[in-house]
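The values are calculated or read from the model by the stated rules, or taken from the named source; none is laboratory data. Fair warning: this is a prediction, and the values are worked out from it, not measured in the lab. Backbone-built Cβ (ideal geometry, glycine too); neighbour counts: all protein chains shown.
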Amino acid sequence: MLDEMRKRRNSVLVLLAFAAIVIVFIFWGVGPAPQKQQPQSSDEGGGRPYVAMVDGEIITPETYRTAYDRQLDYFRNTYREQFNDEFIERLDLRRRTVDMLINRTLILKKAEEEGVSVSDDELQKAIMNIPAFQKDGVFDKDRYFAVLNRNRIKPADFERDMKQDLVLEKMRNRVIADIDVTDDEIKEVYMRDNRKLVLDYISVDASAFTDGIEVTDDEAKKYLDRHSMAFMEPTKVRAFYARLSYDRLAKEVEVPEEEVKSYYEKNIIEFQEPKEVRASHILIRPDETALDRTKARDEARARAEDILKRLRAGEDFAELAIKYSKDPGSSAKGGDLGFFRMGTMVKPFEDAAFALGKGELSDIVETTFGFHIIKVTDIKDARLRTYNEVKDAIAAKLAREKAESAAAERIEPLAAKFREVESIDELRAAAEAEGIETFMTDLFSKNDGNVELVADNTLREVVFSMAEGETSDVVETPLGVYVVRIVERVEEHLPPYEEVADKVKERLRMEKAREKARTRAAELLQALREGADFDKVASGIVPGPEAGEHDEAGAGEGGEESASAKGLSSGTTEQFTRVQGFIPGLGIFVGDKDAIFELSEESPYYGEVLEHGDRFFIFKFKEMEEADEAGLERWKDELRTRLLLKKRDEAVLSWINDMRSKAEIKINEELL
């Protein structure tokens with residue numbers, strides 16, 4: 001509950017990939033491939049190689065590779081250990097990248113035709129407003145160049161891309177300018193998206209179909225030819241590097257006491273501690289599944305009132321919290337929430353808590369979470385931390401700042417030796433003499449997130465942009481400065497068949513099993529839609545080949561076997577809504593499948609088999625509970641915002657698709 005109630009501050013993510021403007025439909029390239037599009041060789045485009053050509057304008061392999069690598073980096077940083085070759089293939093990032101670049105090209109051409117441009121003053125203002133380039137809230141020219149340098153981006157290139165992105169934003173704003181949302185639309189969406197649906201399901205597990213599947217070398221080799229990207233070995237490097245961490249250097253820095261005192265006096269507000277209270281609470285939630293929400297709310301309040309009477313009669317707060325509180329985060333601790341400051345909880349709760357004295361009980365406090373009874377157990381009054389309390393922390397902070405300023409200069413002589421001296425042993429000795437750490441890695445790829453040179457985005461970009469034998473400039477990171485030499489570089493390549501044969505065969509074997517499972521699920525769905533009994537099918541029995549006969553699902557002749565032996569399982573989902581999106585317990589996302597939420601007793605079966613992992617699902621309508629209109633007012637503003645964004649996105653998508661349908665677009669599939 002404490003985590004739920006604390007307000008979160010949104011961090012600003014500056015995307016240097018394409019400046020700071022992110023337009024989803026342009027970035028992801030959601031427009032469909034036009035019919036004019038045909039695979040092309042790289043001999044067109046005036047003899048220049050190209051990945052795509054849009055009305056004669058080429059998109060170069062270099063532009064494509066840069067955009068693709070930046071998308072890889074985004075997903076790698078976002079999904080970490082889940083990020084792998086299969087993930088890349090499933091996202092179809094190569095196609096997404098070229099579509100994004102095609103859309104970008106089309107919009108910029110349209111802008112030029114319509115005379116839409118961005119002035120130098122507009123560009124300057126936009127850059128100055130990017131937080132990454134500011135110091136104390138004000139644009140700092142030195143920081144601007146430092147940030148771009150760390151990301152190995154030339155200012156001219158950044159400003160060109162930034163200006164283009166501002167043009168894209170202007171074009172998008174023109175498309176969406178007149179789009180609005182009515183109250184009737186909001187109500188319709190709320191009532192539709194908050195219906196509570198329950199489904200019965202049958203699943204077919206592909207793992208039950210692997211027995212007896214053989215894969216020959218010939219089949220595996222052909223599969224490898226068709227799916228080579230899934231088995232590519234990524235580019236790997238082995239590096240020798242020196243690291244001077246700010247923390248290590250800070251230990252050598254002496255900060256005069258007068259500097260510490262001066263900082264304390266000039267930044268006195270930093271050491272003001274606001275009032276804090278420590279509180280416990282008992283939370284009573286209304287029954288969210290109740291059909292009558294008003295009745296459920298009244299019943300919850302009545303339960304809270306009863307508990308409050310018992311507390312005022314002398315019963316133990318912690319014992320009642322453990323027994324009755326519906327806050328899983330604090331109930332086991334007797335309702336204790338720890339200390340918190342004003343501004344960290346939802347307003348009705350904190351207003352009540354800060355109005356109480358130590359040991360006092362609140363009346364019933366209603367918030368969006370339910371009904372609370374609050375007891376304040378301790379109070380820390382606002383105060384100013386004394387100089388003696390904070391002087392060590394100030395000295396450490398100033399030492400760190402001095403270390404950050406001095407680190408690059410300190411490591412530069414070693415960086416010069418890295419560029420001049422070939423011997424690793426000699427470089428290691430020179431670094432040790434300067435008190436600088438050195439390391440030699442094994443071969444690693446961009447996917448090895450546990451490697452220090454990969455974990456930091458800037459270092460990773462530098463390392464994988466260098467050739468074998470090349471030495472980097474001094475690289476500044478949030479933790480320290482580095483100098484890196486690439487000792488060995490192995491480019492991305494497809495290993496010989498013999499090295500990946502087992503992996504290829506296992507993948508093809510599973511694909512064959514998945515196809516069997518998919519086919520079986522489709523057969524079962526067809527039988528159900530033709531009138532077969534759901535419970536019998538779920539048990540492994542479906543109408544046989546002869547009218548009036550029944551065979552056990554998946555079996556040939558003979559008696560019935562267990563459904564699980566044939567990969568069948570069945571069950572009933574919990575209630576879920578379109579807003580939730582995912583089916584609880586199964587993890588299948590259906591928020592974008594309108595037909596699921598239109599099922600009824602008259603039309604009970606979802607028309608296609610849904611795939612999730614290695615399981616294939618058939619869904620049947622069980623029951624639907626209509627949304628409670630009483631909750632509309634609470635979500636109205638949020639729904640208005642969400643629906644407006646959706647309508648705007650749809651308008652942009654339609655606009656882009658229209659341009660794509662009229663353009664001559666050629667894609668060089670060989671270079672994707």
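Numbers for the structure displayed
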item	result
Number of positions in the range 613-672 that are closer than 18 Å to MET100 by Cα and not in a helix (DSSP H, G or I)	7
Check on GLU598, surrounded by fewer than 16 Cβ atoms within 10 Å (Cβ to Cβ), under 30 Å from the mean Cα position of the chain (by Cα), assigned by TED's automatic domain parsing to the domain that holds GLU523 and over 30 Å from ARG174 (Cβ atoms)	yes
Residues that are acidic (Asp, Glu), in a helix (DSSP H, G or I) and exposed (fewer than 14 other Cβ atoms within 10 Å of the Cβ), drawn from the range 417-473	GLU420, ASP425, GLU426, GLU432
Residue match in the range 103-114 (condition: within 26 Å of the chain's Cα centre (by Cα) and either closer than 20 Å to MET162 by Cα or of a type in the set (A, V, I, L, M) (or both))	yes
Residue satisfying condition, being touching a helix residue (DSSP H, G or I) at 6+ places or on another chain (Cβ under 9 Å), of a type in the set (Ser, Thr, Tyr) and under 30 Å from LEU384 (Cβ atoms), within set TYR223, TYR246	TYR246
All positions within the range 229-267 that are under 15 Å from GLU476 (Cβ atoms) and of a type in the set (Phe, Trp, Tyr)	TYR241, TYR246
Any hit, the range 353-369, residues being part of a helix (DSSP H, G or I) and more than 30 Å from LEU479 (Cα to Cα)	yes
Residues being surrounded by 15 or more Cβ atoms within 10 Å (Cβ to Cβ), of a type in the set (Val, Ile, Thr) and under 29 Å from the mean Cα position of the chain (by Cα) - total across the range 619-665	2
Subset tally (residues that are free of Cβ contacts under 8 Å to residues at least 24 places away in the same chain, under 17 Å from GLU169 (Cα atoms) and in a loop (DSSP other than H, G, I, E, B)) for the range 120-142	1
One residue from PRO256, PRO234 being of a type outside the set (A, V, I, L, M, F, W, C) and within 30 Å of the chain's Cα centre (by Cα)	PRO234
LEU148 being under 22 Å from ASN457 (Cβ atoms), among the aliphatic types (A, V, I, L, M), buried (at least 16 other Cβ atoms within 10 Å of the Cβ) and within 25 Å of the chain's Cα centre (by Cα)	yes
Any pair with Cβ under 9 angstrom, 6 or more apart, that starts in the range 106-117 at a residue that is closer than 21 Å to ALA52 by Cα and ends at one that is in a loop (DSSP other than H, G, I, E, B) and of a type outside the set (S, T, N, Q)	LEU106/GLY31; LEU106/ASP55; LEU106/ALA663; ILE107/ILE23; LYS109/ASP55; LYS109/ALA663; LYS110/VAL116
Residue within the range 191-200 that is at negative phi and part of a loop (DSSP other than H, G, I, E, B) present	yes
Subset of the range 328-352 [over 31 Å from the mean Cα position of the chain (by Cα) and part of a strand (DSSP E or B)]	ASP336, PHE339
Test: residue in the range 288-295 that is in contact with a helix residue (DSSP H, G or I) (Cβ under 6 Å, 6 or more places away or on another chain), touching a residue at least 24 places away in the same chain (Cβ under 8 Å) and under 30 Å from GLU574 (Cα atoms)	yes
Breaking point among (1) polar (S, T, N, Q); (2) free of Cβ contacts under 8 Å to residues at least 12 places away in the same chain; (3) touching a Lys or Arg at 6+ places or on another chain (Cβ under 7 Å), for THR182	(3)
Within the range 42-59, considering residues that are at pLDDT 75 or above and part of a loop (DSSP other than H, G, I, E, B), the one surrounded by the fewest Cβ atoms within 10 Å (Cβ to Cβ)	GLY56
Output for the range 264-290, where each listed residue is of a type in the set (A, V, I, L, M) and modelled with pLDDT of 90 or more	ILE268, ILE269, VAL277, ALA279, ILE282, LEU283, ILE284
Selection count, the range 257-301, where residues are within 30 Å of ARG385 (Cα to Cα) and surrounded by fewer than 16 Cβ atoms within 10 Å (Cβ to Cβ)	15
The one condition in (1) crowded, with 18+ Cβ neighbours inside 10 Å; (2) without any contact (Cβ under 8 Å) to a residue 24 or more places away in the chain that ASP193 fails to fulfil	(2)
Flag for ASP298 being of a type in the set (Asp, Glu), without any contact (Cβ under 8 Å) to a residue 12 or more places away in the chain and assigned to a helix (DSSP H, G or I)	yes
Looking only at the range 90-128, and only at residues there that are surrounded by fewer than 12 Cβ atoms within 10 Å (Cβ to Cβ) and modelled with pLDDT of 90 or more, the one that is nearest to PHE231 (Cα to Cα)	GLU112
Residue pairs meeting the criteria (Cβ under 7 Å; at least 6 apart or on separate chains; first closer than 16 Å to LYS503 by Cβ and in the same structural domain as GLY613 (by TED's automatic domain parsing), in the range 202-228; second among the aliphatic types (A, V, I, L, M) and in a loop (DSSP other than H, G, I, E, B))	SER228/LEU494
